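Let me begin by presenting the structure, written as structure tokens, before commenting on it.
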Amino acid sequence: MLSFNALLSLCTLAVAAVASPIQSQSRSAKTSLSIVRRFDLPFGQTIADIDRARAQALVQAVTSGKDKRDGRVVATNTNVSYTASIGVGNPPTQYNLLIDTGSSNTWVGAGRRYVETSTSRKTSQGVSVSYGSGSFSGNEYDDQVTIGNLIIANQSIGVATRSRGLYNVDGILGLGPIGLTKGTLSPNSQRTIPTVVDNLFSQGSISSAELGIFFGPSGLLGGHGELSFGAPDAVLTNGDVSYVPLTKTFPASEYWGIDQTITYGPSTSILTGAGIVDTDTTLVLLATDAFQKYQKATGAVLDKSTGLLRITNDQYESLQNLNFSVGGKTYYLTRNAQIFPRNLNIRIGGSSMYVYLIVADLGELSGTAKGLSFINGYTFLERYYSVYDTKNKRIGFAPTPYTDADIN
């Protein structure tokens, strides 16, 4: 994992959640957490470098020794992170946890130490997860977890006795599919660990095993958003949520993966294949050959200082929509949605003279990308509301007030 000792801070991200203990919960309940963005760029690294490193780690996590792992290898992006204040124990101790849809273990102890209470029960299992250049290991506990106004009884969480690579956070809130927890426990390495969404649903706290995510675009001052457990938040959408089954293509199938066709403008074919939707990837990453097609179509040049494609103001005026066809429905990025917020150009090592694009090179050709040819990162997700349906193994999208907004 790349260090969180960032010398360059662009904005701050936190999730405000108020714990409200309750004695009983109805199946119709849901809870929402509001999000403010944290944007850290480690010195000497570019956004594209960090995203590619995460992509490689995500593939490695599910392709290296699938049934004989020494802990699960996953990745957390130190470029853009989102944190939630989650309560553990009774009375609850609040922990500031990174939100990660690319991993599924929830754990504490990287910063604030774990506080045992009457609801804490140490299990016989050890736990170990590697996050690229960071990691944690420790013991698995069952404990009460509070998310907003909802309480989870006997949630399995990791308690770190050793951790490295995470700074200014207390651990991770894993929101990926349950299968990503396989191989993280010992001695029972074949056991999976129900996630917080799994348990909220199985305990009757939410009516559907769904997580809705809304991001306000980075171009807005004080970037914001929301996590909604149990149902999409219709207030934040400009239309119905359209769902598509998760892809069956490995390794994208291990994550929140979809099948997708991408075109530029009315007819320029860019890519058809399987990939993933990932909140912890900043950019839209395309397999190298697809990236080259996009670069040619836009006339962009690669900027070494930022690692991003750049275009002139005149070229910006000629940009056409980038279209993502998923499950028979097309989601598009307007020309404004395809550029990095210009008010942040200097802070990413760029120039105010140029326009920088949010599409970058995955680092693998589509034919050799091991079943993961693209990643739709948060620059895509900040234009569309996304829903992650655990029980029905599907993902959904809906337009928002920011889909067509000129804010970058």
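Is the C-alpha gyration tensor of the range 238-399 telling us rounded, prolate or oblate? Criteria: a/c under 1.5 is rounded; beyond that, a/b larger than b/c is prolate, otherwise oblate.
prolate
I'd like the FRET efficiency for residue 302 and residue 207, computed as 1/(1 + (r/R0)^6) with the beta carbon distance as r and R0 of 56 Å, rounded to 0.05.
0.75
With a cut-off of 8 Å between alpha carbons and a minimum separation of six or more residues, what is the relative contact order of the range 238-399 in percent?
35 percent
So what's the net charge close to residue 108: Lys and Arg +1, Asp and Glu -1, counting the other residues with Cβ under 13 Å from its Cβ?
-2
What's the exposure ranking of 140, 382, 317, 364, going from fewest to most Cβ atoms within 10 Å?
The order, fewest Cβ neighbours first, is 317, 364, 140, 382.
Please report the antiparallel percentage of the DSSP beta bridges confined to the range 238-399, to the nearest 5.
In the range 238-399, approximately 90 percent of DSSP beta bridges are antiparallel ones.
With 10 angstrom as the radius, rank 359, 244, 387 by how many other C-beta atoms surround their C-beta, starting from the fewest.
Sorted ascending by nearby Cβ count, the order is 244, 387, 359.
Which pairs in the list 329/391; 248/329; 248/304; 293/329; 182/393; 248/296 are over 26 Å apart, alpha-carbon to alpha-carbon?
248/304; 248/296
If I model a spin label as a point 7 Å beyond the Cα along the Cα-Cβ vector, how far apart are those points for residue 268 and residue 154 in nm?
5.7 nm
With a point put 7 Å past each Cα toward its Cβ, work out how far residue 329 is from residue 164 in nm, to one decimal.
4.5 nm
Determine, for 301, 129, 241, the number of other Cβ atoms within 10 Å of each Cβ, and report the residues in order from fewest to most.
The order, fewest Cβ neighbours first, is 301, 241, 129.
Quick note: the coordinates plus some simple rules give every number you see, no bench work behind them. None of these values were measured; they are calculated from a predicted model. All Cβ positions, even for glycine, are placed from backbone atoms using ideal geometry, and neighbour counts span all protein chains on display.
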